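So the structure is just underneath, and the comments pick up after that.
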Amino acid sequence: FFPEKFGEPGLTSVRGLYWLVRQNTNWLRVHLADVRPAVRAHRGRAHDDLISHLIAEGCSDVEILGECLTFAAAGMVTTREFVCLAAWHLFTDAGLRAHYRSADEAERLAVLQELLRLEPVIGRLRRRATEPVELPCPDGPVTVCPGEYVEVHLDDANADPKAVGEDPLLVRPERAEAVGAGLSFGDGPHRCPGAHIALLETDVFLSRLFALDGVRMNGAPRVAFQEAIDGYEIRGLTVALPRAGRG
């Protein structure tokens, strides 16, 4: 459903038509096989979950499908990339790996939050001002008026020593207690609702991976970037274990 490379849907080329058909076919499959049956079940019996909330808000089936696709992308694709990124850091930093292996859950989550602060999966966030906001700038303060958009570059924001403390480009898990993952999960009303689940999913997988004797990484993975979100994609990260009986 989420291929390694996405094409741009369109009506002016064969490639564009291919991706248009593929995208809409995938959406239709998800709607018919998953979302529509779930909506029918929830109309008969409400639950304390996203679909029931959307039904109560009067959302149409198309709007519910859109929300479900958004949650699927945000909950699966971003976590997948971060799992690979965190594993790469741990494989290549013996001291951090030893600390992670010997730590309890809270300390391991602090390591992951610090890595996510330094390596946000989504590089930019756009927010619209609802009231005047004055921002300090090198040439003097700038006022953002209500209705205007602000694009926050997370690499810069998460490395601001005024916000995260000294040596912002160093991995210091102890700082997570005060700053968490910085703005990597957003903040305020639009903060990622699955932040804790994403960290726990990552820790469940990596804590078991690095508990395996002799686990190692086979060469550096490939790194690409998604310009639309200024985010990274890690591919080809393969791991290996010693053969049984060979240590």
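We did not get these values from a lab; they are worked out from the coordinates using the rules stated. Given the structure is predicted, the values throughout are model-derived calculations rather than measurements. All Cβ positions, glycine included, derive from the backbone under ideal geometry; neighbour counts span all protein chains shown.
With a simple spin-label model that places each label point 7 Å from the Cα along the Cα-to-Cβ direction, the separation between residue 55 and residue 102 comes to 5.2 nm.
The P(r) of region 61-170 has a tail past 18 Å containing 67 percent of all C-alpha pairs.
Reducing region 95-123 and region 134-173 to their Cα centroids gives an inter-centroid distance of 23 Å. Ordering 64, 24, 42 by Cα displacement along the dipole of region 1-67 toward the positive end leaves 24 in first place; charges were set at the Cβ atoms of Lys, Arg (+1) and Asp, Glu (-1).
Can you check what the Kirkwood hydrodynamic radius comes to for region 1-59, Cα pairs only, in Å to one decimal? This gives a value of 13.5 Å.
Computed from the Cβ-Cβ distance with R0 of 30 Å, the FRET efficiency linking residue 220 to residue 178 stands at 0.40. Counting alpha carbon pairs within less than 8 Å and at least 6 residues apart, what relative contact order, in whole percent, applies to region 109-215? This gives 32 percent for region 109-215. On the beta carbon distance between residue 28 and residue 150, with R0 = 30 Å, the FRET formula returns roughly 0.25. Sequence-distant contacts, meaning Cα pairs under 8 Å at least 6 residues apart, place the relative contact order of the chain at 16 percent.
Here the calculated FRET efficiency for residue 40 and residue 13, from their Cβ-Cβ distance with R0 = 41 Å, stands at 0.60, rounded to the nearest 0.05.
Taken one residue at a time, the phi angles of region 9-25 give Karplus couplings (6.51, -1.76, 1.60, θ = phi - 60°) of x, x, 10, 10, 8, 5, 5, x, 5, 4, 6, 5, 5, 4, 4, 5, 5 Hz. Gly and Pro are set to x.
Which residues in region 55-89 place their backbone N less than 20 Å from a point set 7 Å from the Cα of residue 47 along the Cα-to-Cβ direction? Residues 55-76 qualify, since their backbone N sits under 20 Å from the label point. With the biggest extent put first, the Cα atoms of the chain measure 60, 55, 46 Å across the principal axes.
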